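Structure record follows, encoded as C-alpha cells.
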Amino acid sequence: MSILGSPRKGMNASRYVKVALVLAFLIAAPWIWQENRFITTIFISALMFGIWGVMYDLQIGYGGLINFGFAGFICAGAYGSALAAHHYEINPWLCMLIGAVASGVLGFLTGVVTLRLRGIFVGLATWFLAEVLRLTISNTPVYTRGMLGLTVKPLPDVLGLNFSRAELLPYYYLLLILVIIIFAIAALMVSSRIGLSFKAIREDQLATETLGLSATKYKLINFTTACFFTGLIGAYYAHYIGILTPDTTEFGVPRTVEVLTVAYVGGRGTLWGSILAGFILIGFQEYFRQLGAWRLVMYGTLLIAVMIYAPKGLSSFKKYIW
Amino acid sequence: MELSIFIQLIVLGLVRGSMYALMGVGLSLIFGIMAIVNFAHGELFMIGCYIMYFVASMLGLPFPLGILAAGIGLLIVGIILEKGLISTLRKKAGREWLMDSFVLTIGLMVIFQNLALIIFGSIQRGIPNLVAGQYVIGDVVFIYDHLVILGLALLTVGVLWYFIKNTSLGKAIRATSQHAEAAQTLGIDVSWMYAVAFGIGAALAGISGALLITLFPANPNAGMAPVLKSFVVVILGGLGNIKGAIAAGILVGLLEAYAVFFLAGGWQNVIVFSIVIAVLVFKPSGLFAPAGERP
C-alpha cells in the first residue's frame, strides 16, 4: 500500500474537530484581544499572506508552475478593483470581482503563451510580465496616478455593517470568509480528479500525456484559478489599505519573495502549511519589529534552511504537534 | 540626427553594453555549467562595489587594485557559497534542482542585502571617477572613465574566453558542463569544478561592481538594477550561451543608449521587457542560438 500511496484520507472525526478548533480560534481572536486593535491588523496581514501562500502553493506545490511574477497578479487585482471604483463609479463590492476577473484573465492569457515552456522560463516570463504591468502603471499617472498614489474607496456598508476603515472587525471577518471559501475551493480542487492530474503532470508530464491528459489544459486551469483568487485578495487589499502605489516593495520582486517564502516555509504541496506559515512569519515580523533588517536576514536564512534541510517546511513537524 | 550625436551614442552604448556583457557572461556561465539561475548575482555585484570603495577610497590605493581585490574577493566568496550551501543542496535535490537552487539564491539575496544594510547603513558610497578628465574630438566627448570601463570589461571577457577555451582547468569546466558523469570517469574533480565555476561567475559580478562604482555607488540595493539587466541580457542571448550573452549585452547597451535619447523616460524598460517576454515565448533558446536548438 505504501508504494501506491495511501488512499486519500477522508474527513474523519478528528479532522473535523481540528478544523473546527482552528476556525473557532480565528473567529474568536478579535474578541480575545478586544482592547488591542493592533492584534487584529496582524491577523489580517497573516491571513492575507497565508491565503496568497496557499495560491502560490497551488501553483508550485501542485502544478509545478513557477510564478515569479506573483506580485503582478496581486497588482492586477488591486488596481483592477481600485480603478473601476475610481473612474467608473461602480460599487466597490462589484469592483472586487472585477479585480479578480482582471487578474484571472491576465493569468489565463499568461498561461496560454507561457505554460508550454519549460519551468524556469515560465518563472522568468511571469517575472518580466509583472514588471511590465508595474512600470506601465507607474508611467500612466493620468489614469492610474502612478507613483503619486491612487486613493481607494472603502467598501460601502452592507447588511448594516460599517465598512469605513475606522472599524477593523468587518474587514477581518470579510477576509476570514474569503479565506475560508478560497481555501475550501483549493482543497476540493487538489483532492478531486483535477488535483490528481496536477500531481501526475508534475511527476511525469510525458507519461501523463501519453495517457491522454492534456498537460497544458490542467496547468491552465491551475494557473488561472490561482491568479483569479490572488487578484480577489489583491482587490480586498486595495480597499482595506486605502492607497496604492506601484513601487517594488508593494508589487515587485520583494512582495513575490515574501509570498514565496510563506509557501516554501509552510511546506509545498500542503495548502494548510501556508496559512500556518503566514501566521508564524507575519507574527514573527511584527513581534520583532525593533530588530529591523535582522528580521529579513532571518527570513533569508530560514528560506535557505528549508531548501536544504526541510524541503517539506513546517508541515513536516505536524506529526509531532497535532 | 547629427553625426556627432550618432557617434556619441554608439560610444555610450558600447560602454553600457560591455558592462551588461560582463554581468551577463557571469550569470550565463553559472547557468550553463551548474544549471543555477543565480538571483543573488546582483548582490555579488554589490559586494564588489563595497570592496572597490574600501580599497580605492578608504585605503586610497590605486583603483586597479580595487578591481583586482573585488575579483579575488568574490572568487573566494563564490567558492565558499558553492562549497558551503549549493553543493549541500545539490546532493539532496533531484528533478526540482532548477527551482530549488533558484530559491536558495533568493534567500542569499535577501541575506546579503540586509547584512549590507546592517553593516554599512543605507548611505551611498561612491567614487566620483576612476580617471578624471575627458578627450574631445570635434563634438564627440570621450570620458576617460568610460574608456577605462570599456577597455577593462573587454579585457576581462577576453581573459575569461581564453581561460575557458584554452587552459586545462577551463576545458575541465566545459567537460563538466557537457556531461558531469563522463567528466568524473575521466578523473575530473567535478564538485571542485562546480565550485570554481561559481567562483568565476561571482568574480565577474564583483569586477563589474568595482568597475561601475562611478555609476552605481555602493549601497545595499546597488545590485537590484544590474541584476535585472543581466537577466535581460542572458535571456536575449540564451541561458547558458556565453557568446550570446556578450552579443546581447552590447545589443542591449546600444539599444538603450538610443532609447534614452528618443523615448520618454520610464518607457524604455517596458519596451525592453516586452522584447524579453517575446523572446522567452517564441525563441526561449535565445536570439543567437542555432536554428532548431531547444534549451
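The values are calculated or read from the model by the stated rules, or taken from the named source; none is laboratory data. Everything quoted here is computed from the prediction, not taken from an experiment. No Cβ is skipped: glycine too gets one built from the backbone with ideal geometry, and neighbour counts run over all protein chains shown.
State whether the residues of segment A:283-297 include one that is out of contact with any Asp or Glu (no Cβ under 8 Å at 6 or more places or on another chain), polar (S, T, N, Q) and in contact (Cβ under 8 Å) with a residue 40 or more places away in the chain.
Step one: of segment A:283-297, the residues out of contact with any Asp or Glu (no Cβ under 8 Å at 6 or more places or on another chain) are A:283-297.
Keeping just the survivors that are polar (S, T, N, Q) gives A:285, A:290.
Next cut, in contact (Cβ under 8 Å) with a residue 40 or more places away in the chain only: none.
No: segment A:283-297 contains no residue that is out of contact with any Asp or Glu (no Cβ under 8 Å at 6 or more places or on another chain), polar (S, T, N, Q) and in contact (Cβ under 8 Å) with a residue 40 or more places away in the chain.
Applying the selection to segment B:78-94, what residues are at the interface with another protein chain (Cβ under 9 Å from one of its Cβ atoms) and either farther than 24 Å from B:Asp189 by Cβ or in a helix (DSSP H, G or I) (or both)? Steps first, answer last, please.
Step one: of segment B:78-94, the residues at the interface with another protein chain (Cβ under 9 Å from one of its Cβ atoms) are B:85, B:88-89, B:92-93.
Matches in segment B:78-94: B:Leu85, B:Thr88, B:Leu89, B:Lys92.
Can we say A:Tyr299 is within 19 Å of B:Ile118 (Cα to Cα), at pLDDT below 90 and hydroxyl-bearing (Ser, Thr, Tyr)?
Details: within 19 Å of B:Ile118 (Cα to Cα): yes; at pLDDT below 90: yes; hydroxyl-bearing (Ser, Thr, Tyr): yes.
Yes, satisfied.
Evaluate the following for A:Glu258: is it acidic (Asp, Glu) and more than 25 Å from A:Leu155 (Cα to Cα)? So that I can check it myself, show each step before the final result.
Numbers: acidic (Asp, Glu): yes; more than 25 Å from A:Leu155 (Cα to Cα): yes.
In short, yes.
As an exercise: evaluate A:Ala130 against (1) in contact with a helix residue (DSSP H, G or I) (Cβ under 7 Å, 6 or more places away or on another chain); (2) modelled with pLDDT under 85; (3) under 25 Å from B:Gln268 (Cβ atoms); (4) of a type outside the set (Ser, Thr, Tyr) and give the number of the one condition it does not meet.
(2) is the only condition that A:Ala130 fails.
Check B:Leu228, B:Leu239 and return the single one that is within 20 Å of the chain's Cα centre (by Cα), at the interface with another protein chain (Cβ under 9 Å from one of its Cβ atoms) and assigned to a helix (DSSP H, G or I).
Exactly one of B:Leu228, B:Leu239 is within 20 Å of the chain's Cα centre (by Cα), at the interface with another protein chain (Cβ under 9 Å from one of its Cβ atoms) and assigned to a helix (DSSP H, G or I), namely B:Leu228.
Condition test on B:Ser28, is it in contact with a helix residue (DSSP H, G or I) (Cβ under 7 Å, 6 or more places away or on another chain), in contact (Cβ under 8 Å) with a residue 12 or more places away in the chain and of a type in the set (Ser, Thr, Tyr)?
yes
Say whether the condition of being within 21 Å of the chain's Cα centre (by Cα), more than 9 Å from chain A (Cβ to nearest Cβ) and touching a residue at least 40 places away in the same chain (Cβ under 8 Å) is met by at least one residue in segment B:99-110. Spell out how you get there, then give the answer.
Filtering segment B:99-110 down to residues within 21 Å of the chain's Cα centre (by Cα) leaves B:99, B:101-110.
Checking the rest, the ones that are also more than 9 Å from chain A (Cβ to nearest Cβ) come to B:105.
Cutting the leftovers down to touching a residue at least 40 places away in the same chain (Cβ under 8 Å) gives us B:105.
Yes, segment B:99-110 has at least one match.
Restricting to segment B:159-217, name every residue that is closer than 20 Å to B:Ile246 by Cα, exposed (fewer than 15 other Cβ atoms within 10 Å of the Cβ) and of a type outside the set (Lys, Arg).
B:Val159, B:Tyr162, B:Phe163, B:Asn166
Of the conditions (1) under 30 Å from B:Met99 (Cβ atoms); (2) at pLDDT below 80; (3) more than 14 Å from chain B (Cβ to nearest Cβ), A:Leu161 clears all except one; give me its number.
(1)
Every residue in segment B:113-132 that is in contact with an Asp or Glu (Cβ under 9 Å, 6 or more places away or on another chain) and either over 25 Å from A:Thr301 (Cβ atoms) or within 8 Å of chain A (Cβ to nearest Cβ) (or both), please. So that I can check it myself, show each step before the final result.
Filtering segment B:113-132 for residues in contact with an Asp or Glu (Cβ under 9 Å, 6 or more places away or on another chain) gives B:113, B:116, B:129-132.
Passing the criteria: B:Gln113, B:Asn129, B:Leu130, B:Val131, B:Ala132.
Taking the options A:Ile120, A:Ile181, name whichever one is more than 29 Å from B:Val279 (Cβ to Cβ) and under 23 Å from the mean Cα position of the chain (by Cα). Don't jump to the end; show me each part of the working.
On the way: A:Ile120 fails: more than 29 Å from B:Val279 (Cβ to Cβ).
Unique residue meeting the criteria: A:Ile181.
How many of the residues in segment A:74-94 are over 14 Å from A:Leu244 (Cα atoms) and either within 14 Å of chain B (Cβ to nearest Cβ) or not aliphatic (A, V, I, L, M) (or both)?
As a first pass, look at segment A:74-94 and keep what is over 14 Å from A:Leu244 (Cα atoms): A:87-94.
Then keep just the ones that are either within 14 Å of chain B (Cβ to nearest Cβ) or not aliphatic (A, V, I, L, M) (or both); that gives A:87-89, A:91-93.
Going through segment A:74-94 one residue at a time, the tally reaches 6.
Tell me the residue from B:Val233, B:Val252, B:Val270 that is within 10 Å of chain A (Cβ to nearest Cβ), crowded, with 17+ Cβ neighbours inside 10 Å and under 26 Å from A:Ile137 (Cβ atoms), please. Reasoning before the result, please.
Values: B:Val233 fails: within 10 Å of chain A (Cβ to nearest Cβ); B:Val252 fails: within 10 Å of chain A (Cβ to nearest Cβ).
Going through B:Val233, B:Val252, B:Val270 in turn, the sole match is B:Val270.
Take the conditions surrounded by 19 or more Cβ atoms within 10 Å (Cβ to Cβ), over 17 Å from A:Phe251 (Cβ atoms), within 12 Å of chain B (Cβ to nearest Cβ) and hydroxyl-bearing (Ser, Thr, Tyr) and apply them to A:Thr126. Does it pass? Before the answer, list the steps.
Details: surrounded by 19 or more Cβ atoms within 10 Å (Cβ to Cβ): yes; over 17 Å from A:Phe251 (Cβ atoms): no; within 12 Å of chain B (Cβ to nearest Cβ): yes; hydroxyl-bearing (Ser, Thr, Tyr): yes.
The answer is no for A:Thr126.
Can you list the helices (runs of 4 or more DSSP H) lying wholly within segment A:89-147 that have 2 or more residues being in contact (Cβ under 8 Å) with a residue 24 or more places away in the chain and within 17 Å of A:Tyr56 (Cα to Cα)?
A:92-114, A:119-139
Given the criterion surrounded by fewer than 19 Cβ atoms within 10 Å (Cβ to Cβ), at positive phi and away from chain B (no Cβ under 13 Å), identify the matching residue among A:Gly242, A:Gly292.
Details: A:Gly292 fails: away from chain B (no Cβ under 13 Å).
Of A:Gly242, A:Gly292, the one residue that is surrounded by fewer than 19 Cβ atoms within 10 Å (Cβ to Cβ), at positive phi and away from chain B (no Cβ under 13 Å) is A:Gly242.
If I go through segment B:243-288 residue by residue, how many of them are of a type outside the set (A, V, I, L, M) and assigned to a helix (DSSP H, G or I)?
Applying the first criterion (of a type outside the set (A, V, I, L, M)) to segment B:243-288 yields B:243-244, B:249, B:253, B:256, B:258, B:261-262, B:265-269, B:273-274, B:282-286, B:288.
Add one more test, that the residue is assigned to a helix (DSSP H, G or I), and what stays is B:243-244, B:249, B:253, B:256, B:258, B:261-262, B:267-269, B:273-274, B:282.
Counting residues in segment B:243-288 that are of a type outside the set (A, V, I, L, M) and assigned to a helix (DSSP H, G or I) gives 14.
Can you find even one residue in segment B:175-187 that is in contact (Cβ under 8 Å) with a residue 60 or more places away in the chain, more than 14 Å from the chain's Cα centre (by Cα) and within 18 Å of B:Asn38 (Cβ to Cβ)? Break it down into steps so the answer makes sense when it comes.
Initial filter on segment B:175-187 (in contact (Cβ under 8 Å) with a residue 60 or more places away in the chain): B:176-177.
Going one step further and asking which of them are more than 14 Å from the chain's Cα centre (by Cα), we end up with B:176-177.
If we keep only those that are within 18 Å of B:Asn38 (Cβ to Cβ) as well, we get B:176-177.
So far as segment B:175-187 goes, yes, one or more of its residues are in contact (Cβ under 8 Å) with a residue 60 or more places away in the chain, more than 14 Å from the chain's Cα centre (by Cα) and within 18 Å of B:Asn38 (Cβ to Cβ).
Among the residues of segment A:268-287, is any crowded, with 17+ Cβ neighbours inside 10 Å and acidic (Asp, Glu)?
no
Return the residues of segment A:298-311 that are farther than 16 Å from A:Val259 by Cα and either of a type in the set (D, E, K, R) or at the interface with chain B (Cβ under 8 Å from one of its Cβ atoms) (or both); say none if nothing qualifies.
First, pick out the residues of segment A:298-311 that are farther than 16 Å from A:Val259 by Cα: A:305, A:308-311.
Result: A:Ile308, A:Pro311.
Considering only residues that are within 14 Å of chain B (Cβ to nearest Cβ) and either among the basic types (Lys, Arg) or in contact with a Gly (Cβ under 6 Å, 6 or more places away or on another chain) (or both), look in segment A:95-123 and name the one that is surrounded by the most Cβ atoms within 10 Å (Cβ to Cβ).
Of all residues in segment A:95-123, those within 14 Å of chain B (Cβ to nearest Cβ) come to A:106, A:109-123.
Then drop every residue that is not either among the basic types (Lys, Arg) or in contact with a Gly (Cβ under 6 Å, 6 or more places away or on another chain) (or both), which leaves A:116, A:118.
Working: A:Arg116: 14, A:Arg118: 12.
Across segment A:95-123, the extreme among qualifying residues is A:Arg116.
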